[in-house]
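Visitor: One structure follows; several queries about it will come next.
All of the numbers you see were taken from the coordinates with simple rules; none came from a lab. Here the structure is a predicted model, which is why all the values come from computation and not from measurement. Reconstructed Cβ throughout: ideal geometry from the backbone, glycine too, with neighbour counts over all protein chains shown.
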Amino acid sequence: MRWVLRLLAVSLVVGMPAAASAQLFFSTQPHSGFRIGPLIVRASVSPGDGPVRVNVVWSVVAPPGRSPGAAPQDLYLLWPGEVSADGRGEPRDPALARYLEERGFDVIAEGRLPLFAQNIREADGAARAEPVAGGAPYVTFVQYSGALGLSPPATWIRIPWSPKLVDQGWLMDLRMTSPALVKPKAASWLERLVLGQKHLLSLSFNEVRDRPLFPMYFAHRDRVVRLADAPAELVANFPDAGRLKIDEVFPRNTIRRLSETLESTEIVSLFLDTSEGIAPQQVVVQYGYFSRLQAMALVVVPMIFLALGYAVGPVAGRVAAHMGSRMAARVHVGAWNTAPRERESGTVLARETVAKIRPGETTREEVLALCGADVEQYDRLNAPGRRTLVYRGRRIRPQAGRIFGWISTVQHLEVERHEVTIELDNDVVRDVAADVRRSRLPVDEAP
């Protein structure tokens, strides 16, 4: 049954969106008066998709007026998701698992996490950290409800009492790996190909609203150990900063900087407001690592498009203009009772205008004033005083058929060719001849 619950819990976590991680300390006895300070929750992210290495570094501040060694008691840490101890095989703590099972939770994993003590009076105290015998036993558990189903996993960690917990010259360092802090960001295959896979890192403190964190908090709310008036921060280390692209950081007062001690590492940190009580405080980072090929593509591809724009732009412009004119000639937009626009070229004389030209009376100057100066003139060399004026014009009338609404297509073209010939004798009209020729053309043969 336990391995079934573990499988269901893991599958549920994988299918969930990125959720905030929560850390909250508890004491064994209620109202212990202890405070946590300073506190550093450090997540070391790897460029791949592997689990995140986490260090929880803290010290305990004893209540005022009480000796640091008074009322020794174990502390507990509530952590979301599953944790592991880098393959360590320390024995489990049956009492810790039994404690959770008695309260209606299902245990899916057990073990011990390495716990170290750092002497801050030494310059290399972190490198020479002393292991605490027995480490910190933990139990990963889930909660099942008929209405809500299976909850994501959470971990209950017991931190054994040590005089160094309340010694202000020492810091405790709990080390583990957590697969739940980083989730892949949903993206299309094209985005992943060009920009690489994006991830979301979510790290918070005092976030206990989800199952099964809230039932544990509610049952032990009188034993919560709050933060002291001391520095406290959430820190995320991102190695290989040369290939790192951080797209977004929340909240806006989060600090970004390069590490002074770690090579090519960018640090994102958020100082916790210790006056907020147990209000959730969270830092979210959207980031991604890109390969050298992707980095080159971000520079080369825009340059290629720029070069193609200068080379192909004029050709594309001419093609677009040609296609636009062809489309305008073939598609009519307008009410069905309005005919497509006619096109005229040359000089098309109306029947009424031609009727005003009277042989034997109208002069050449009157013809030009009436019909216009756009005329062809022929002089006869063998007949002085005889000349001919010719007015030519063309009218193209599209014939459309409706498709739907106000959109119709041109089916064919009706072409009218007008020609008016005026014979002059000594600049006086002697004869007038008007001819109109009509024909039909397909749209593709439009002049």
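Visitor: What shape does the stretch 59-218 have by the C-alpha gyration tensor, where a ≥ b ≥ c are the square roots of the eigenvalues, rounded means a/c under 1.5, and otherwise prolate means a/b greater than b/c and oblate the rest?
Guide: In terms of gyration-tensor shape, oblate.
Visitor: Then there's this: Run the simple label-point estimate for H322 and F214 please: 7 Å along Cα→C-beta, distance reported in nm.
Guide: My value for the distance between the label points is 6.8 nm.
Visitor: Quick check: Cα centre of the stretch 243-276 to Cα centre of the stretch 114-143, how many Å?
Guide: 24 Å
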